[in-house]
Amino acid sequence: MQLVYMYIDSLVGALKLVAHDQALVAVMWDNEDHKRVRLSELVEDRHHPMLHQVKQQLEQYFAGKRQQFDLPLDFQGTDFQQQVWQALLTIPYGETRNYKEIAVQIGNEKAVRAVGAANGKNPISIIAPCHRVIGASGALVGFAGGLDKKQILLSLEQSQIP
């Protein structure tokens, strides 16, 4: 299946959107470690309909006009990683969870470190909101885009909550 990509500018810097004809595969950061998310060969396509749908919804999110994404997602990972990534999708806009809460949610309360590792490998940043996962102390911890970007995303969301 051919993967296509395009770059967009955003509130948190340049983002690389990656998709195929049926779904979004990745949202990657400007400073991305390419070992974090492994993708097959990509072809740039600034006119791909799926990428434009993603771009539009991200622009709405950054403008404070969208709190939930409505996009087909194609997560590529282990069964455990996919459980964690699906759990991310259930964290409400403007709220946070810690790694232990995610571990409990997926029925494996002792897998806190594994949840952290899976969260760090989330290929669909922002849309699968790994930025909403924080440390048990409430501190901002680990984020592929950088903690400054995580703070921007959390502040954006919290400013939109009445």
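Coordinate-derived values only; no laboratory data. Keep in mind that this is a model prediction, so the values were computed, not measured. Every residue, glycine as well, gets a Cβ built from its backbone with ideal geometry; the counts of neighbours run over all protein chains shown.
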- [ ] Along each of the three principal axes of the Cα atoms of the range 79-159, give the extent in whole Å, ordering the values from largest to smallest.
- [x] 32, 25, 21
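What does the charge dipole of the chain about its Cα centre add up to, to the nearest 20 debye, if the Cβ of each Lys and Arg holds +1 and the Cβ of each Asp and Glu holds -1?
On the way: 16 positive and 17 negative charges, 90 e Å.
With only Lys, Arg, Asp and Glu charged at Cβ, the dipole is about 440 debye.
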Task: Top positive-direction residue, dipole computed over the chain with Cβ charges, set Leu3, Leu42, Ser155 - done: Ser155
Open item on the list: What whole-number distance in Å separates the alpha-carbon centres of the range 1-55 and the range 69-90?
Closed with: 16 Å
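Hey, got a sec? Which trypsin sites (Lys or Arg not before Pro) in the range 49-103 land in a DSSP loop and have at most 12 other Cβ atoms within 10 Å? If you can, show how the numbers build up before the last one.
On the way: sites: Lys55, Lys65, Arg66, Arg97, Lys100; in loops: Lys65, Arg66.
Those that pass, being in a loop and sparsely packed, are Lys65.
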Task: Estimated [θ] at 222 nm from DSSP helical runs (n ≥ 4, -39500 (n - 2.57)) normalised by residues in the chain, nearest 500 - done: -10000 deg cm²/dmol
Task: Eligible aspartates and glutamates near Lys100 by straight Cα distance, threshold 17 Å, same-chain separation 8 or greater - done: Glu109
Task: Viscosity 1.567 mPa s, 4 °C: Kirkwood-radius Stokes-Einstein D of the range 14-162 over Cα pairs, µm²/s - done: 82 µm²/s
TODO: Enumerate the calculated ³J(HN,Hα) couplings along the range 64-81 in order (Karplus 6.51 cos²θ - 1.76 cosθ + 1.60, θ = phi - 60°), each rounded to whole Hz, writing x wherever the residue is Gly or Pro.
DONE: x, 9, 9, 10, 9, 8, 10, 9, x, 10, 10, 6, 10, x, 5, 4, 5, 4
- [ ] Determine ³J(HN,Hα), in whole Hz, for all residues of the range 44-56 in sequence, where each value follows from phi through the Karplus function 6.51 cos²θ - 1.76 cosθ + 1.60 and θ = phi - 60°; x replaces Gly and Pro.
- [x] 6, 8, 6, 10, 5, x, 5, 5, 5, 5, 5, 4, 4
- [ ] Report ³J(HN,Hα) in whole Hz for each residue of the range 114-127, in order, from the Karplus equation J = 6.51 cos²θ - 1.76 cosθ + 1.60 where θ = phi - 60°; Gly and Pro get x.
- [x] 5, 4, x, 5, 5, 4, x, 9, 3, x, 10, 3, 6, 6
Open item on the list: For a quick check: with amide H placed at 1.01 Å from N, whose amide H comes under 5 Å from Leu24's, ignoring anything fewer than 5 positions away on the same chain?
Closed with: Leu73, Asp74
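Could you tell me which of the pairs Lys55/Lys149; Lys55/Lys150; Lys110/Lys149; Lys35/Lys110; Lys16/Lys55; Lys35/Lys121 are separated by over 21 angstrom between their Cα atoms in the structure shown? Walk me through the numbers before you get to the answer.
On the way: Lys55/Lys149 18 Å; Lys55/Lys150 19 Å; Lys110/Lys149 29 Å; Lys35/Lys110 27 Å; Lys16/Lys55 10 Å; Lys35/Lys121 10 Å.
From Lys55/Lys149; Lys55/Lys150; Lys110/Lys149; Lys35/Lys110; Lys16/Lys55; Lys35/Lys121, over 21 Å: Lys110/Lys149; Lys35/Lys110.
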Open item on the list: I'd like the antiparallel share, as a percent to the nearest 5, of DSSP beta bridges with both residues in the chain.
Closed with: 60 percent
